[in-house]
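Bear in mind that the values in this text are calculations on the coordinates, not laboratory data. All of these numbers come straight from a predicted model, not from anything done at the bench. Counting neighbours? That spans all protein chains shown, and the Cβs are built from the backbone with ideal geometry, glycine included.
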Amino acid sequence: MERDPKAFLWHARDAAELIAQFTAGKSAADLGHDAILRSAVERQFEIIGEALSQFAKLDPATAAKITDLRDIIAFRNILIHGYAVIDNERVWRIVQEDLPRLRTELSEMLGKA
């Protein structure tokens, strides 16, 4: 049975929302000093990257509308395979600068804007 491609969008959107919740009122320093926060944020980014990678395989035309899709998937790969060299400042910058746009795009795709 083939999975509904939108399920992957839901997973990505839910993970993005969790990152926003986890980081509300926090700073880059908090991310660097709080192993639980860092682990939680990184895990949700892994879910976003994997969900969007799977979505892109099932619906490439719609996936292409996601800003920086390839970069999002590549970031997931860095988190998983390059875990020893993860730059907390980069992670925080993505949380602050890129995640809001992604949340909006995913919500719009899911009809929740």
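What the table below lists for this structure:
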quantity: Members of the range 101-113 that are part of a helix (DSSP H, G or I) and either in contact (Cβ under 8 Å) with a residue 12 or more places away in the chain or in contact with a strand residue (DSSP E or B) (Cβ under 7 Å, 6 or more places away or on another chain) (or both); calculated: Arg101, Leu102, Arg103, Glu105, Leu106, Ser107, Met109
quantity: Residue that is nearest to His11 (Cα to Cα), among those in the range 36-62 that are of a type in the set (A, V, I, L, M, F, W, C) and free of Cβ contacts under 8 Å to residues at least 24 places away in the same chain; calculated: Ala56
quantity: Residue among Ala24, Ala29, Ala40, Ala15 that is under 18 Å from Glu97 (Cα atoms) and surrounded by 15 or more Cβ atoms within 10 Å (Cβ to Cβ); calculated: Ala15
quantity: Criterion violated by Val95 - all others in (1) surrounded by 11 or more Cβ atoms within 10 Å (Cβ to Cβ); (2) more than 15 Å from the chain's Cα centre (by Cα) satisfied; calculated: (2)
